[in-house]
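Report on the structure given below.
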Amino acid sequence: MEQTNMPQYPLSYWLDNDSSPSFPRLQEDIEVDVGIVGGGITGITTAYMLSQQGLNVALIDAGKLLHQTTGHTTAKVTAQHGMIYNKLIENFSKSDALLYYEANVEGKEIIEKLIEKYDIQCDYTEENAYLYTNSDDYIQKIKKEQKAYEQLGITHEELEDLPLNIPIKLALKLQNQAQFHPIKYLQALIEQCKKAKVQMYEHTTAIDVEQRTDPAILTKNNNRIQCKYVVSASHYPFYDGQGFYPTRMYASRSYVIAVKSEQNYPGGMYINVEKPTRSIRSTNFQNEDLWLISGEDHKTGQGKSTIKHYEALQSFAESTFSIQNYLYRWSAQDLVTIDKVPYIGQLTKTNERIFVATGFRKWGMTTGTIAAKIITDTITNKNNRYLQLFQPTRFHAKQTLTNFMKTNADVAKHLLKGKLTYTKSAEQLKHDEAAIIRINGKRTGVYVDTEGKIYAVDTTCTHLGCEVEWNSAERSWDCPCHGSRFNYSGEVINGPAKEALKRIKYE
């Protein structure tokens, strides 16, 4: 599918020609020890680990396994998560910052051991990871991060140039990091889950938890999974349980283009610290280097037209790397907690049998893996030294209150703004174009497909009532408040929304 222009439709390289097995929809009530919601790296790894401990496990996904966040990652297996360690020392403590580093190192080691144990062919390669800046304003910030590395004993190098031919002013290098093909890796774990009799179901949406003596997962099709423990590994927690997660996280999108270059890729994984984000790695494609260039982070449903983010990456690639062909483009969405550390553990203090893993801030390969270990250890009554660091019920007064107010002020702003805005009429729309109009006084999203068919939806998000905005790059309606996404006909793509947008009759 080589082409000199940007592909018209998004498609993740990892999911192209996906040969993952298909699983049925749940159509009956079942009873297991542990019910897991979410078929990405966290849910599948948790199912694998628990099944290896002899527990009876069921895993469900609202769509197809691997096709959500995990299928759209850049798949870096690293403990270098941007400029995180200085912030952790400042806002948590030195010991907590070290625990965060060691947790991600252990996540990487778990992945490596599983690859070796099952001889998984997933393009796993060890790479150096580089954190760099080309901005004078960020030199001192990188130096602060380097000081944090020194305090924590993280082996590193300071550099003033990179193997990659891009201008920089300062960089930090971590050795012995890694990258892989996430779908190939998880396909192997799915096979091990099948051997361990894990029950797996696709196109099965969890909508609630019923709590009696033991919890039960309730599905959209009125089936129930009776279990002793529930694990929410569904990107956004499908069940809140008065944990108030919408007020403590926000959704962020980023973009990836996969290209061939006239240059030879020099190895390594690279990410800058200033905005806009530029993240670069390669993968093997038909015995050649496929460059993955990503970045352009922004809050979901906010900012400029989303196609402009792809165009910005394209401009960067063409001016820097002598691009020959564009093969793929796709976007990713992840959640960011108000203190930048994932929520992993018991949902709330009063929901000890319900576990959550969320807020990976786009670094879900290692943190998703260690989340599986933390949850498995807790369910099987084993101590885990990372439990307190990631505990969802934690509270750090200064940073938590400040970021809580910022996050929710932004939600309130977009809730009000969305109620007041609309654009041109449907008659002005071209094919493959959308707009927000008024139909009988109601704010309505209208999309005209490539054949001229009109789809009209009520733009009020079914989660908490914010107004969705059109995402031109992905042809979706995105909520700027909590990150729910719907396709052009209104069906849910990403939660926390569980119900589709209401279809409007257009005449």
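The numbers here are math on the coordinates, done by the rules we state, and not lab data. These figures come from a predicted structure and were not determined experimentally. Ideal geometry is used to build each Cβ from the backbone, glycine not excepted, and the neighbour counts take in all protein chains shown.
Couple of notes before you dig in:
- The simple Förster model, with R0 at 45 Å and r as the Cβ-Cβ distance, assigns Q263 and Q52 a FRET efficiency of 0.55.
- The phi torsions of the range 35-52, fed into the Karplus equation with coefficients 6.51, -1.76 and 1.60 and a -60° offset, translate into couplings of x, 10, 10, x, x, x, 4, 5, x, 5, 5, 5, 4, 4, 5, 5, 5, 5 Hz, rounded to whole numbers, with Gly and Pro shown as x.
- At R0 = 25 Å, FRET efficiency that the Cβ-Cβ distance of E499 and K308 yields, to 0.05: 0.25
- Mean separation of Cα contacts under 8 Å (6+ apart) over length of the chain, as relative contact order %: 18 percent
- Here's the picture: a label point sits 7 Å out from the Cα of N134 along the beta-carbon direction, and within the range 159-173 the residues with their amide nitrogen under 11 Å of it are 165-169.
- Pairwise Cα inverse-distance average, inverted: Kirkwood Rh of the range 236-364 (Å): 16.6 Å
- Summary of the geometry: the range 19-52 and the range 350-399, compared by the centres of their Cα atoms, lie 19 Å apart.
- Cα gyration tensor, the range 333-384 - rounded (a/c under 1.5), prolate or oblate: oblate
- Span from the the range 173-188 Cα centroid across to the the range 243-267 one, whole angstrom: 16 Å
- Whole-number D in µm²/s for the chain (Stokes-Einstein; Kirkwood sum over Cα pairs; 37 °C, 0.692 mPa s): 140 µm²/s
- Estimated FRET transfer efficiency (E491, S19; beta-carbon r; R0 35 Å; 0.05): 0.90
- Highest-first arrangement of 457-470, 269-282, where packing means the average Cβ count within 10 Å: 457-470, 269-282
- According to the Cα-based calculation, Rg over Rh for the range 236-304 is 1.15, with Rh computed by the Kirkwood formula.
- Along the range 271-279 the Karplus relation, 6.51 cos²θ - 1.76 cosθ + 1.60 evaluated at θ = phi - 60°, assigns HN-Hα couplings of 8, 8, 10, 8, 9, x, 5, 10, 10 Hz to successive residues, with x for each Gly and Pro.
- Gyration tensor (alpha-carbon) shape descriptor, the range 128-206, a/c threshold 1.5: prolate
- Shape category assigned to the range 103-239 from the gyration tensor of Cα positions, a/c cut at 1.5: prolate
- Of all DSSP beta bridges confined to the chain, the antiparallel ones make up roughly 80%.
- Aspartates and glutamates with Cα under 16 Å of K64, excluding same-chain neighbours fewer than 8 positions away: D16, D18, E191, E202, E491
- Modelled spin labels at E288 and K143, positioned 7 Å past Cα toward Cβ, are 4.4 nm from each other.
- Counted over the range 101-150 with a bin width of 10 Å, the fraction of Cα pairs per bin, in whole percents, is 19, 34, 25, 18, 4.
- Cross-link check: pairs K144/K308; K117/K299; K87/K184; K108/K184; K144/K299 evaluated at a Cα-Cα cut-off of 28 Å; pairs beyond the cut-off: K144/K308; K117/K299; K87/K184.
- Residues whose placed amide H lies under 5 Å from that of I207, excluding near-sequence neighbours: L218, T219, K220
- Amide H to amide H distances under 5 Å link S282 with L292, where only residues 5 or more positions off or on other chains count and H is placed in the peptide plane.
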